[in-house]
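The values are calculated or read from the model by the stated rules, or taken from the named source; none is laboratory data. Just so we're clear, the structure is a prediction, and the values are computed from it rather than from any experiment. All Cβ positions, glycine included, derive from the backbone under ideal geometry; neighbour counts span all protein chains shown. Just the protein is used for accessible areas: all its heavy atoms, side chains included, with ligands, DNA and RNA removed. Shrake-Rupley method; radii C 1.70, N 1.55, O 1.52, S 1.80 Å.
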Amino acid sequence: MHVHTGLRHIYEARRWIILIILAIFFAALGMLLLLAAAVQQYLLSRAPAALSRLDHAVASLELEASRRFITPDCSHIIALDETGKRLAVGSLTAGSREEPAAQLVAFDSILGAEIVEDALTLTKFSRTSRITSARPLLAREAAIPSLDGVQAASAQARKPAPVHELTLKIYLSSSDTPVLSIPFLPAGGGDAEYTQAFSEAQHVHELIREIVSA
């Protein structure tokens with residue numbers, strides 16, 4: 001009888017230990033979820049402030065923006081002044097206390113543009129051959145068959161490995177700023193973020209192609 005009673009106490013003690021461990025685990029999990037939600041809320045609350053600073057920087061250039069595009073992480077604004085034939089790019093480093101930078105570019109100074117995914121050119125165009133002769137990397141790419149006109153569906157059928165970079169590069173006839181690099185993929189973005197980022201980058205890329213071709 002005493003043996004059975006002792007075994008029952010042992011089983012009860014083990015059951016309580018398991019329940020306590022589970023309670024601690026779920027409590028810790030709940031705290032982590034609350035912390036993640038708080039961090040996300042903090043980042044979201046900072047986005048409008050950063051966007052406001054970017055807006056102010058671009059507005060200081062005094063252009064009549066007929067179209068405006070904002071990158072998914074709110075780090076860049078691209079504004080088109082089709083009347084004045086100018087393009088403005090405002091940029092702000094995430095978490096930086098520095099003032100946003102803004103640059104004004106004349107349409108006729110744009111040599112070309114390309115979309116780069118993890119150092120691989122998905123699609124590109126150029127006004128003249130200067131874009132391929134001026135930079136060794138692009139000169140090597142000139143030997144590769146052109147990928148102009150790549151559709152979103154084929155571009156998204158990519159390698160299974162996660163994509164870390166999706167950048168729109170705008171090449172200029174300027175020795176001070178020969179290239180503007182605009183990242184479109186937020187850090188740690190998944191498939192849904194990639195699809196949206198690629199669609200937006202391609203849209204801006206096509207608009208710049210129209211500008212150069214006009």
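Scan segment 180-202 for residues that are surrounded by fewer than 17 Cβ atoms within 10 Å (Cβ to Cβ) and within 20 Å of Leu104 (Cα to Cα) and jot them down. Ser181, the sole residue that qualifies. Candidates in segment 60-86 are the residues that are in a loop (DSSP other than H, G, I, E, B) and within 16 Å of Glu210 (Cβ to Cβ); of these, the one that is modelled with the highest pLDDT is Lys85.
Going by the structure shown, is Ala161 modelled with pLDDT under 90, part of a helix (DSSP H, G or I) and open to solvent by less than 70 Å² (accessible area, probe 1.4 Å)? So Ala161 does not fit the description; no. Can you tell me which residue in segment 87-99 is modelled with the highest pLDDT, limited to those that are closer than 14 Å to Ser52 by Cα and buried (at least 21 other Cβ atoms within 10 Å of the Cβ)? Selected residue: Gly90.
Here Asp108 fulfils each of the conditions (1) within 25 Å of Ser199 (Cα to Cα); (2) surrounded by fewer than 17 Cβ atoms within 10 Å (Cβ to Cβ); (3) at pLDDT 90 or above apart from (1).
Of everything listed in (1) part of a helix (DSSP H, G or I); (2) modelled with pLDDT of 75 or more, the single unmet condition for Arg8 is (2).
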